[in-house]
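Working notes for the structure below.
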Amino acid sequence: MDFYKTLYAESISHDQDIGNMKDFIVTYVPNLVSSEENMMLMKCLDFLEIKNVVFNLNGNSVPSPDGFGGVFYHSCWDIIGADVCNVVQQFFKQNLIFPRMNSNVVSLIPKFQGVESIKYYRTIAFANFKFMIISKILAYRLALVATRIISPNQYGFVQGRKIQDCIGIASETINMLSKKV
């Protein structure tokens, strides 16, 4: 566990560091989202919108840490739908996520036979399905402004762009450098 904590965790030790980060962001990061777009990103969803998101998520996904996967939410929606909607709406109204809702179960999968060191394991995380609903809603909304706020050089973060395109461009650039003009 210590290996992955140091590998993936970033520690911020003082409130002053957080204040400095906020000052840095306000000073140097341009504001690319209008007030109207910001309201759209933060607005609360209605019951039907949340239901559509739930049913667009994979029902055959691995169960989340609470043991309930997408198939449970799809098949029991008539019973649990109102409660699920309340949880999602509470996030948007109060910026509140219930304790353990953003918890994940991390599993280690060996990269090859006979692994003897922790660094030769691949990690896979199983996220809570309710948190995946909120993440998907945010992803849908951010997609509307993503092409403006993400640099064209960041291929892997915009729909329709592929990270493999960068490999091709890099290869072509290297080939051009070796040619005499």
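Readers should treat all values here as calculations from the given coordinates under stated rules, not as data from a laboratory. These numbers come from a predicted model, not from an experiment. We place every Cβ from the backbone using ideal geometry, glycine too, and count neighbours over all the protein chains shown.
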Pairing a residue in the stretch 30-50 that is in contact (Cβ under 8 Å) with a residue 40 or more places away in the chain with any residue that is exposed (fewer than 15 other Cβ atoms within 10 Å of the Cβ) and among the charged types (D, E, K, R), where Cβ atoms lie under 8 Å and the two sit 6 or more apart in sequence or on different chains, gives L32/R148; C44/K93
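Filter the helices (runs of 4 or more DSSP H) completely within the stretch 21-113 down to those with at least 3 residues that are under 13 Å from K130 (Cβ atoms) and of a type outside the set (A, V, I, L, M, F, W, C). First the steps, then the outcome.
Values: elements: 35-42, 47-56, 70-75, 77-94.
Once the helices (runs of 4 or more DSSP H) in the stretch 21-113 are filtered for at least 3 residues that are under 13 Å from K130 (Cβ atoms) and of a type outside the set (A, V, I, L, M, F, W, C), what remains is 77-94.
May I ask you to say which residue of K93, K119 is among the charged types (D, E, K, R), touching a residue at least 60 places away in the same chain (Cβ under 8 Å) and over 23 Å from G70 (Cβ atoms)? Quick ask: steps written out before the conclusion?
Values: K93 fails: touching a residue at least 60 places away in the same chain (Cβ under 8 Å).
None of the others qualify; the one that does is K119.
Considering only residues that are of a type in the set (G, A, S) and surrounded by 12 or more Cβ atoms within 10 Å (Cβ to Cβ), look in the stretch 83-114 and name the one that is nearest to I50 (Cα to Cα).
Here is the first cut: in the stretch 83-114, the ones of a type in the set (G, A, S) are 103, 107, 114.
Next, only the ones that are surrounded by 12 or more Cβ atoms within 10 Å (Cβ to Cβ) stay: 103, 107.
On the way: S103: 21, S107: 29 Å.
The extreme case among them is S103.
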